Structures are given as C-alpha cells and as structure tokens.
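Notes for the one structure printed next.
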Amino acid sequence: MKRVVISEIFPPRVGGSGRWLYELFTRTAPRDTLVIAGKDNGTAAFDAAAPMAIRRSTLTLRDWGVVSWRGWRTYGKYTGRIARLLRSTGVESIYCGRVLPEGWIGLRLRRKRGLDYNVFVHGEELNTLRTSRQLTWMAQRVFDRARRIIANSQNTAAILTEQWTVDPQRLAVLYPGVDTQRYRPAEPDAAARAALGWADRPVILTVGRLQKRKGHDRLIAAIKQLKQGHPQILLAVVGDGPERDALQAQVDHHELHDHVIFHGPLDDEQLLQAYQQCDLFVLANRTERGDFEGFGIVLLEAQACGKPVIAGETGGTRETLQSGQTGLLVDANNSAALDLAIDGLLNNPAERRRMGEAARQWAVEQFDWTVIAQQAEAILNDQ
C-alpha cells in the first residue's frame with residue numbers, strides 16, 4: 001500500500017468528514033490505499049465491499065490531550081499498533097482524517113518510521129482546539145510538521161494562515177464533492193411524500209446533526225411566523241444530536257406539532273427522497289461561541305437534487321452556493337432576514353424552479369466527484 005488513511009470517523013459510521021474521505025480515496029487509486037478506521041457496529045459487510053483495504057482499530061480517546069499519563073499512554077498504544085500494521089505495507093505517505101487525535105498519531109509515526117504525514121482540516125474543529133493551551137500546542141505542532149495541510153474550504157484555509165501561521169506553500173484547498181448521478185432531481189411523487197408524512201404540504205427540509213450552530217431553533221422560530229401566511233407549511237428535520245430535547249420543548253411551547261416533524265436519522269434511500277421531494281432546503285447555520293459550519297455537504301446534495309437552498313453566511317457555507325442564483329445567503333441571527341428569504345421563495349414557484357435548475361448545473365459543474373477527484377489527484381500525487 002502506497003498510502004495509509006487514519007480516521008476514527010469512517011463509513012458506515014455517520015459523519016460528513018468520514019464520508020468525504022471515503023468518497024475521495026475511493027476515486028483516487030483505492031487499490032493503493034489502506035484505511036485504518038475506528039471500530040463500529042456493522043462494519044464487516046461494508047469493509048468487504050469497499051474498493052480499498054480497511055483495518056479497524058480502536059481510535060477513540062476520552063481526552064485528546066497528552067498531559068495525563070493515561071492520554072500519553074493511549075496515544076503510544078495506538079501509534080504502536082498502527083506502526084505494526086504498517087511494517088509490511090511499503091507505505092509512502094500517511095493521511096490523517098483530523099488534526100486531533102489522528103494528526104498527533106501521524107506526528108508520532110513520523111518520529112518512529114520517518115514517514116511524512118498530511119492532515120485534513122474541516123474547519124469547525126479549529127474552535128475546539130483553541131479551548132485549552134494543551135490542545136492548541138498539540139495542534140500547532142501537528143501543523144508545523146505536516147507535509148501538507150488539506151483544508152475543506154477557502155474559509156478554513158484563511159483561518160489556518162491567519163490564526164495558526166500555516167505556510168501557504170504547504171496548504172491546499174480541496175472541496176468535498178457530491179455524487180450527482182445519485183443525487184439528482186425527481187418528479188413529485190405522492191407515494192414518497194406520503195411515506196415521509198408530508199402529503200401535499202409545502203415542505204422546508206433541513207438535514208444535519210442537532211447542534212446549536214446548525215440553527216434549528218431559528219428555523220422553528222421562523223415556522224411560527226411563516227405559518228400565518230402559509231398555514232400548511234411543514235418543517236422536516238432530519239438528524240439527531242444534543243439539542244433534540246431543547247428543540248422538542250420549543251415546538252411544544254409554541255404548539256407547532258402540526259408544523260414540525262423530527263424524522264431522526266434516515267437511511268440513504270429515504271434521505272435521497274427527502275431531498276428530491278422537498279420544496280426548499282434551509283441550513284440556518286450561525287457562529288455559536290466560536291463554533292461554525294466548516295462547509296455544508298448537505299447544501300451540495302440538495303442543489304444536486306435541483307433544490308434552491310438558503311444558508312447562513314458564516315463559516316464555509318458561502319462557498320457551497322451562488323447567492324441569488326442557486327440559493328440565498330442570509331444572516332441567520334436576523335430572524336426577519338431568514339423569514340423574508342423563506343417567505344419570498346415559498347411565494348414564488350417560478351423563482352424556486354429557476355434557482356433549482358441553476359443549482360443542479362452548479363453542483364454538476366463544480367462539485368461532482370469526477371471534478372473533485374481530478375483536483376485531488378494533483379494534490380495527493382504531489383509528493
């Protein structure tokens with residue numbers, strides 16, 4: 001194997017960063033790739049069908065730090081285990097799925113085996129790394145010694161150069177992609193809508209982990225206002241997370257049970273149908289105590305399905321769409337601006353159709369995996 005990818009988060013475990021890595025390395029010499037991924041339930045069938053070799057190993061750390069004896073020993077144990085796996089592989093380079101903990105393992109492997117490592121940066125983790133001096137120190141050492149840092153957006157790259165003093169010569173931007181053959185427009189389907197519990201109502205879809213930066217609370221507040229002019233409006237929320245109870249309490253308080261449906265996680269086929277059958281996709285993301293949206297793959301998936309999108313203007317989401325053409329960027333902290341954007345598109349089917357057609361073309365031309373894979377080849381092969 002010429003290259004090894006180390007990532008705790010990897011399919012079938014749900015996670016945008018893991019899916020990005022899987023799609024990326026599937027399309028760039030998978031036979032030359034060994035993935036060392038975190039353990040999870042139900043991985044055997046997935047791994048057997050994958051186009052690259054996958055080895056499962058415990059990579060979960062309760063604490064990313066190394067100051068404690070437990071942390072130092074755990075990193076040493078994981079590094080030693082991976083080093084033994086690599087003895088007979090002929091590996092030439094290592095790709096770390098995140099700065100921590102994977103990047104620190106890459107740094108230790110560099111010392112033990114003399115192998116260069118590269119690290120992927122997704123944006124939102126940079127705030128977490130600033131929460132303690134220890135994590136900041138560790139991340140800076142990972143950045144300083146990495147051969148290449150691969151950022152998922154120009155926004156992430158700017159933070160790395162301005163706040164982490166990363167040398168632009170060692171920095172590359174590689175966007176996540178979307179499978180536009182799978183994610184594609186479909187005609188309205190009454191049966192699919194009925195199965196989702198939508199019937200023929202105007203549906204706003206949002207997909208993502210239920211956490212504050214995603215802005216689900218702002219969307220629910222918007223529904224409270226919008227139902228006055230759109231009495232049949234329905235907000236379909238796909239995903240789960242720590243804010244689930246608080247969001248349910250918000251719905252209960254405002255008596256919005258008939259206007260908000262929590263689907264929880266959907267399987268791949270159900271999620272595709274949700275994208276295809278919704279009327280409008282919204283990710284009301286905002287910066288919450290320094291936490292921001294690194295990119296927003298869901299915005300690409302919705303646009304590939306021919307849907308106009310509305311997104312918050314913070315983080316990397318502005319790079320996923322063409323505001324005014326394929327969707328709209330709004331200040332998601334401004335309730336009036338969010339309400340106005342949603343209301344305007346709900347009232348204008350012709351504009352939604354025009355934006356949806358432009359969104360599909362944008363996704364195909366800029367973010368289809370064939371396009372991203374060509375860019376990735378140049379980055380990954382630049383040894």
* **Out of 200, 279, 258, 252, sole residue that is touching a helix residue (DSSP H, G or I) at 6+ places or on another chain (Cβ under 9 Å) and either basic (Lys, Arg) or within 23 Å of residue 336 (Cα to Cα) (or both)** => 279
* Asked: Got a sec? Which of 306, 316, 264 is in contact with an Asp or Glu (Cβ under 8 Å, 6 or more places away or on another chain), surrounded by fewer than 16 Cβ atoms within 10 Å (Cβ to Cβ) and in contact (Cβ under 8 Å) with a residue 24 or more places away in the chain?
  -> 264
* To do: State all residues of region 85-97 that are surrounded by fewer than 23 Cβ atoms within 10 Å (Cβ to Cβ) and touching a strand residue (DSSP E or B) at 6+ places or on another chain (Cβ under 9 Å); if no residue qualifies, say none.
  => 85, 86, 89, 91, 92, 93
* Test residue 207 against the criterion of being over 17 Å from residue 284 (Cα atoms) and crowded, with 21+ Cβ neighbours inside 10 Å, and give yes or no. => no
* Of (1) part of a helix (DSSP H, G or I); (2) in contact (Cβ under 8 Å) with a residue 60 or more places away in the chain, residue 77 satisfies all except one. Which? -> (2)
* Considering only region 347-383, state which residues are in contact with a Gly (Cβ under 7 Å, 6 or more places away or on another chain) and acidic (Asp, Glu). => 357, 368
* Take region 349-369 and flag every residue that is among the small types (Gly, Ala, Ser) and over 20 Å from residue 329 (Cβ atoms). => 350
* How many of the residues in region 107-157 are in contact with a His (Cβ under 7 Å, 6 or more places away or on another chain) and free of Cβ contacts under 8 Å to residues at least 12 places away in the same chain? -> 0
* Asked: Of all residues in region 33-49 being part of a loop (DSSP other than H, G, I, E, B) and touching a strand residue (DSSP E or B) at 6+ places or on another chain (Cβ under 8 Å), which is modelled with the highest pLDDT?
  -> 39
* **helices (runs of 4 or more DSSP H) contained in region 120-190 and holding at least 1 residues assigned by TED's automatic domain parsing to the domain that holds residue 72 and at pLDDT 95 or above** => 133-145, 154-163
* Based on what the data block shows, is residue 99 under 15 Å from residue 2 (Cα atoms), at pLDDT 85 or above and either in the same structural domain as residue 293 (by TED's automatic domain parsing) or not basic (Lys, Arg) (or both)? -> no
* Please name all residue pairs, on different chains or six or more residues apart, with Cβ atoms under 8 Å, provided the first residue is in region 170-190 and is more than 14 Å from residue 156 (Cβ to Cβ) and touching a residue at least 24 places away in the same chain (Cβ under 8 Å) and the second residue is surrounded by 13 or more Cβ atoms within 10 Å (Cβ to Cβ) and of a type in the set (Asp, Glu). => 177/23; 177/368; 178/301; 178/368; 179/23; 179/368; 180/368; 183/301
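Yes or no, residue by residue, for (1) touching a strand residue (DSSP E or B) at 6+ places or on another chain (Cβ under 6 Å); (2) over 20 Å from residue 299 (Cβ atoms); (3) not small (Gly, Ala, Ser):
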| site | (1), (2), (3) |
| --- | --- |
| 157 | yes, no, no |
| 167 | no, yes, yes |
| 172 | yes, yes, no |
| 178 | no, no, yes |
| 184 | no, no, yes |
* To do: Report whether or not residue 216 is assigned by TED's automatic domain parsing to the domain that holds residue 282, under 28 Å from residue 126 (Cα atoms) and touching a strand residue (DSSP E or B) at 6+ places or on another chain (Cβ under 8 Å).
  => yes
* Asked: Which residue pairs have Cβ atoms closer than 7 Å, lie 6 or more positions apart in sequence or on different chains, and pair a first residue in region 326-341 that is closer than 19 Å to residue 299 by Cα with a second residue that is assigned to a helix (DSSP H, G or I) and of a type in the set (Lys, Arg)?
  -> 329/318; 332/218; 338/218
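The values are calculated or read from the model by the stated rules, or taken from the named source; none is laboratory data. Keep in mind that what you see is a predicted model, and the values were worked out from it rather than measured. No Cβ is skipped: glycine too gets one built from the backbone with ideal geometry, and neighbour counts run over all protein chains shown.
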